[in-house]
Amino acid sequence: MLIVRIQREDFDPVAEADVLTCGRTDVGAIVTFTGLCRDDGGTLNALELEHYPGMAESQLTRIAEEARARWPVQGIVVLHRYGMVAPGERIVFVAVSGSHRGEAFHAAEFLMDYLKTSAPFWKRVHLRDGTSGGWVEAKDADDSAAERWT
């Protein structure tokens with residue numbers, strides 16, 4: 001099973017993860033990650049998330065298929081929101097099911113490292129004072145984390 005969705009609306013992480021076990025008894029592990037909009041300095045009103053429709057889904061599907069080729073996982077769910085997202089709201093969700101936890105953890109980390117560095121999404125800061133900041137740049141730490149998979 002492979003589900004990739006990009007959507008404006010919020011999602012329920014429990015319901016999304018449950019899809020991976022519905023009617024199955026061969027799943028031994030589900031690893032999930034839910035990324036939230038964070039306001040480090042108390043000045044953020046929202047993040048504006050943009051993507052290229054069609055291309056973004058294609059790229060996420062490609063990297064999810066690569067994860068399945070690398071590890072013997074049974075299912076993958078990747079969800080990413082776009083539009084305005086307020087602090088505390090969910091932005092991204094990754095769930096991976098497998099017979100054992102090891103491959104599920106590795107595949108989930110691989111997917112998140114890709115999402116943080118190479119997925120075609122852009123984030124723009126909107127501050128509480130009504131101004132808009134620039135587009136958020138990728139972090140060196142995220143690039144370093146992704147390099148371990150090459």
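Derivation of every value follows stated rules applied to the coordinates shown; laboratory data play no part. Owing to the predicted nature of the structure, the values given are computational and were not obtained by experimental measurement. As a convention, Cβ positions derive from the backbone with ideal geometry for all residues, glycine included, and neighbour counts pool all protein chains shown.
General observations
- All C-alpha to C-alpha distances of the stretch 2-147, sorted into 10 Å bins beginning at zero, yield P(r) values of 12, 39, 34, 13, 3, 0 percent in whole numbers.
- ARG81, ARG128 arranged by Cβ crowding within 10 Å, fewest neighbours leading: ARG128, ARG81
- Note: relative contact order over the stretch 2-147, using C-alpha pairs below 8 Å and six or more positions apart, is 33 percent.
- Within the stretch 42-100, the percentage of alpha carbon pairs spaced more than 19 angstrom apart rounds to 44%.
- For the stretch 1-51, the alpha carbon convex hull comes to 114 Å³ per residue, rounded to a whole number.
- Order of THR131, THR32 under a 10 Å beta carbon neighbour criterion, fewest first: THR131, THR32
- Gaussian network model of the chain, Cα within-10 Å springs - most flexible of ARG68, ARG124, ARG24: ARG24
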